[in-house]
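The values are calculated or read from the model by the stated rules, or taken from the named source; none is laboratory data. Just so we're clear, the structure is a prediction, and the values are computed from it rather than from any experiment. Cβ sites come from the backbone with ideal geometry, for glycine too, and all protein chains shown count toward neighbours. In case anyone asks, the SASA skips ligands and DNA or RNA and just uses the protein heavy atoms, side chains included. Shrake-Rupley method; radii C 1.70, N 1.55, O 1.52, S 1.80 Å.
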Amino acid sequence: MRKTGLRARLSFIFIFTVAAILVFVSISLIFETHYHFLMYQNQSMGMTHDFSQLIYHLEQALIQSIVWTFLVALLLTIGISLYIAKRVSAPLITMKHVAEKMTHGHLESRSNIKGNDELADLGASLNRLAEQLQNQEHLRKIMTQDIAHELRTPLATLKSHMQAFQDGVWQPTPSRIQACYEEIERLIRLVADLEQLTHIV
């Protein structure tokens, strides 16, 4: 399917809008001018002198027609511009809300931008980013649980040994001290692995 560029689409909309307004203004002025000249012609029949009053009324009528046509064209331009601005900004506002939700931890939020232009591509990219962040968050939780489990085992062993020494249940024999030393070494290796992991990430 051929992709329609946002710039090309907006250019077409603006050009079409301006052209339509210019055609409306031109046709309105033509009809108004024709109407007032017909009135002028009808009123001037039978008159043999003093055309100044008639010319003044014709001039005033043409000025009023131009002013009213301008005001209608201005209102039409403002209305169409506001409508186009709303249509163009609506997807951006939607994606802004999705991004704000993501910053507050709601990584399940997705944008629902339809179309075949750059805005739709931006919405799809935002959705892919949210999906990747969600996957990374899931992996982070799993890794945190694994790390906590790996650290909990040697710490629990060391705690039980130290408590047994403190309560006098065990005597600090070389073999038991060696067991504590091995658990400490295991903790050191785990911390070193974590440091390497942070450098890799």
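Mind checking which residues of the stretch 86-100 are open to solvent by 90 Å² or more (accessible area, probe 1.4 Å) and either within 13 Å of residue 122 (Cβ to Cβ) or in contact (Cβ under 8 Å) with a residue 60 or more places away in the chain (or both)?
96
Pull out all pairs, ordered by first then second residue, where Cβ-Cβ is under 9 Å, the residues are six or more apart or on different chains, the first lies in the stretch 104-118 and is open to solvent by 90 Å² or more (accessible area, probe 1.4 Å), and the second is assigned to a loop (DSSP other than H, G, I, E, B).
Going by the 9 Å Cβ cut-off, the qualifying pairs are 118/3; 118/5.
Criterion first (open to solvent by less than 60 Å² (accessible area, probe 1.4 Å) and either outside any helix (DSSP H, G or I) or more than 30 Å from residue 13 (Cβ to Cβ) (or both)) does residue 188 satisfy it?
Working: open to solvent by less than 60 Å² (accessible area, probe 1.4 Å): no; either outside any helix (DSSP H, G or I) or more than 30 Å from residue 13 (Cβ to Cβ) (or both): yes.
Answer is no for this residue.
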